[in-house]
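Notes follow the structure.
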Amino acid sequence: MQTHAYRREEATGMTDDMNAQLTAAGNEMSASFLAAKKRSDETLAKLKANPGKFTMLTGDRPTGRLHLGHFFGSIRERVAMQNLGVNTNIIIADYQVITDRDTTEHIDDNVLNLVLDYMAAGIDPEKTMIFTHSAVPAENQLMLPFLSLVTEAELHRNPTVKSEMESSGHALTGLLLTYPVHQACDILFCKANVVPIGKDNLPHVEITRTIARRFNERYAKKNPVFPEPAAILSEAPEIPGLDGRKMSKSYGNSIMLGATAEETAKLIKKSPTDSERTITFDPVNRPQVSALLTTAGLVTGRDPSEIAAEIGNAGAGALKKYVIDSVNEFLAPHRERRAELAKDMDSVRDILHDGNARANAIANQTLDEVREAMGMHYDR
């Protein structure tokens, strides 16, 4: 038994005590996640030392508005990388909306609102390429060679595909099954070597690494075409919604970045707690109260346990008031910048147009390299 424990610690760099840490949502961290976090920290250290050597890609599906989970899970890392000097790219994955939905209603509005929230959060389109999936055909064409590099069994094993199918109640379409390969196209077309993500998307980065490695081994051993990207995990990899479940637009438990102060207050006031008057931070036994404390901790930078001790016997009403005030204070600058940007929507559309043009130039170059590696250049 001691030998097994030693091997686990050696492989992950983590002790048994560290393996018992809890995430913000109250779920025990797995050893594999902690190992991934360790690799993430090592990559981040290299990135900070030499940011110009790194290219980042991440993005969002335009299925609705961005919320606090998006901000703390990914967006603030995007802004930090951009400001460090990393080559940053953000994809608005509009094609991926139809992986588990039968409509594209409101997609134009959703796309434009994503751009507004990106810029309000600090994304600078002069430094970061923002583009839409559907506007870059060469990137999507990478799906054909990439699909030949993974098996059906590997796609079925992807936990994110399973959870997306279960949560949506949608039948498993070919697009949903191959969703991880589509994301690999997103990441690899611009040769991204870092991807800032939350815990849920780790399997996608792993399959992207597999595809890059297999393509290089099969077609480009002497001159590899693709890097094997590394995941950079958020400091808050699991962020609970106001009801203690995962923060999700579909659960209605999310605080939207673009919501008004009044809308935010109304949502928090409606959030469930429990019958215990004394406020304590206990993610396992009191997930709903702890979710509110976690939210307050994130936006104030304070320890949730410290906030709980401060509120003490004042009860859920006092807790909710503290959360409302803290969240609204945190989001006030974002809302102000967003409102100013929204006054000129033509400029927002111009930003997308320019980003799409840049993305097409990169994708066409990468597709040419793929064809060259595969011996598919016939016009010379």
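Remarks
- The condition (being in the same structural domain as V136 (by TED's automatic domain parsing), in contact with a His (Cβ under 6 Å, 6 or more places away or on another chain) and surrounded by 18 or more Cβ atoms within 10 Å (Cβ to Cβ)) is satisfied by just one residue among P180, P196: P180.
- Region 143-176 - residue that is under 17 Å from D94 (Cβ atoms) and at pLDDT 85 or above and, of those, nearest to the chain's Cα centre (by Cα): L176
- As a summary of the residue check, R302 satisfies the conditions (1) outside any helix (DSSP H, G or I); (2) exposed (fewer than 14 other Cβ atoms within 10 Å of the Cβ) except for the one numbered (2).
- Under the condition of being modelled with pLDDT of 90 or more and farther than 16 Å from G122 by Cβ, the residues counted in region 60-77 number 6.
- Within the option set A220, A265, being under 20 Å from R65 (Cα atoms) and either in the same structural domain as H334 (by TED's automatic domain parsing) or modelled with pLDDT of 95 or more (or both) holds for one residue only, A265.
- When R101 is tested against (1) closer than 21 Å to P180 by Cα; (2) modelled with pLDDT of 95 or more, just one condition goes unmet, and that condition is (2).
- Residues in region 247-268 that are of a type outside the set (G, A, S), in contact (Cβ under 8 Å) with a residue 40 or more places away in the chain and surrounded by 14 or more Cβ atoms within 10 Å (Cβ to Cβ): M247, K249, I255, M256, L257, T264, I268.
Residue-wise test of (1) within 19 Å of the chain's Cα centre (by Cα); (2) buried (at least 19 other Cβ atoms within 10 Å of the Cβ).
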residue: F71; (1), (2): yes, yes
residue: E77; (1), (2): yes, yes
residue: N83; (1), (2): yes, no
residue: V86; (1), (2): yes, yes
residue: N89; (1), (2): yes, yes
residue: D102; (1), (2): no, no
residue: L112; (1), (2): yes, no
residue: D124; (1), (2): yes, no
residue: K127; (1), (2): no, no
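- Evaluation of L34 against (1) under 19 Å from the mean Cα position of the chain (by Cα); (2) modelled with pLDDT of 90 or more; (3) assigned to a helix (DSSP H, G or I) (one fails), failing number: (2)
The values are calculated or read from the model by the stated rules, or taken from the named source; none is laboratory data. Just so it is clear, the structure is predicted and the values come from calculations on it, not from any experiment. Heads up, the Cβs are rebuilt from the backbone with ideal geometry, glycines too, and the neighbour counts pull from every protein chain shown.
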